[in-house]
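Structure, as C-alpha cells:
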Amino acid sequence: MPTFKVFRYNPKTGDQAYFQTYQLPEIKGMTVLEGLYYILENIDPTLAFRSSCRQGVCGSCAMHIGEKYRLACETQIADIGDSVSIRPLAHMKIIRDLVVDLDPFFAQYEKIKPYLIPSGEPPTREFKQSPAQRAKIDFHVDCILCACCYGSCPVVATDEKYLGPHALLKALRFVDDSRDGATNERLAYLASDFGVFRCHTIFNCQQVCPKDLDPTGAIGKLKMKALWAKFTGKLGKNE
Ligand code: FES
C-alpha cells in the first residue's frame, strides 16, 4: 500500500512545517498527482498543490518527489517505491503546502526579453525561416517552464539576482533564432554579473529536466558566444 509523506505548511497559522503521512490504495498506473487528488477528495480536503493539464505540458505540478524534482503527473507511484516524501520546489516562498510563489522565477524569465526583437523597422509581413534555421531552436522551445531546474540549482539558492537555468536556456532559443536582430545586445546582458558566468556547471538542472533538455549545455554555448562576441568587438552592438 503506497504511503505519501507530504510537506504541510501554512504560513498564516504561524505553526511549524511538518510531514503528514497518508496511506493510499494500490491502483495500477496511478501517478503521484492522482495520488494527491485521491488524498484531496477522500482523506484531507485541506491539502494544497497545483496542477492543470495532467499530461506534462503546463509544468504546474513540479515538486520534489522521492529525492528528485519531477512532474507529479508524469511520475507513476510504482516507479518510485511504496513510501515517498513529497516537498514543494525549493528557493521560493511557500504559499501553502506544495504551492510556492513563482513570481521571482517568472521575473527572471522576463528579464531575458523572451520575444523576438527585429533589427531595423518592424516587419510588415511574416518572418520566414528555412527548415535548417528552425532546427537550430527545436531543442530549446520544448521547455515548459516548470521550475524543476530552478528549484534544483544551488546558485539560485545563494544569489537571488542570478537569472537561473530556465531563463538562460530560453535566452539561447532567441540568440539562435534567425529572425532575431538583438543577438549581441542579448549576449552583453547575459554575460553580466548575474548571467551565464555565475553558473558553476553543476549539472543539477540537466539531471532534473522532465523534458530531457540541457540547460547546462545551453549556458555553456552562451558563454562561448558571449566570449566570441567580446573577442570580435561585437558584444552589445547589434548589426
Ligand atoms: S499538470 Fe501540467 S505538467 Fe503536470
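The numbers here are math on the coordinates, done by the rules we state, and not lab data. These numbers were taken from a predicted model, which means no experiment stands behind them. Reconstructed Cβ throughout: ideal geometry from the backbone, glycine too, with neighbour counts over all protein chains shown.
Listing for the model above:
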quantity: Computed lengthening from K211 to F231, 0.36 nm per intervening residue step minus Cα-Cα distance; calculated: 3.8 nm
quantity: Extended-chain gain in nm, criterion 0.36 nm per residue less alpha-carbon gap, Q23 and R125; calculated: 30.9 nm
quantity: Whole-Å distance, taken between Cα centres, linking the range 152-193 and the range 27-82; calculated: 30 Å
quantity: Residue-averaged [θ]222 nm for the chain, counting only DSSP H segments that reach four residues, each worth -39500 (n - 2.57); calculated: -8500 deg cm²/dmol
quantity: Acute angle (nearest 10 degrees) that the helix 215-231 long axis makes with the longest principal axis of the chain, alpha-carbon atoms; calculated: 20 degrees
quantity: Between helix 165-175 and the chain: long-axis angle, C-alpha atoms, 0 to 90°, nearest 10; calculated: 30 degrees
quantity: D101/L40 FRET efficiency (R0 25 Å; Cβ-Cβ; nearest 0.05); calculated: 0.75
quantity: Separation of the I117 and A48 label points, Cα + 7 Å toward Cβ, nm; calculated: 3.7 nm
quantity: Gain in span if fully extended, K161 to Q16, counting 0.36 nm per residue against the direct Cα distance; calculated: 49.3 nm
quantity: Residues T232, T31 arranged by fewest to most Cβ contacts within 10 Å; calculated: T232, T31
quantity: Residues C58, C73, C146, sorted so that the one with the fewest Cβ neighbours within 10 Å comes first; calculated: C58, C73, C146
quantity: Nearest-ten-degree value, helix 32-42 long axis tilted from longest Cα axis of the chain; calculated: 40 degrees
quantity: Net charge dipole size for the chain [Lys, Arg +1 and Asp, Glu -1 on Cβ; Debye, nearest 20]; calculated: 780 debye
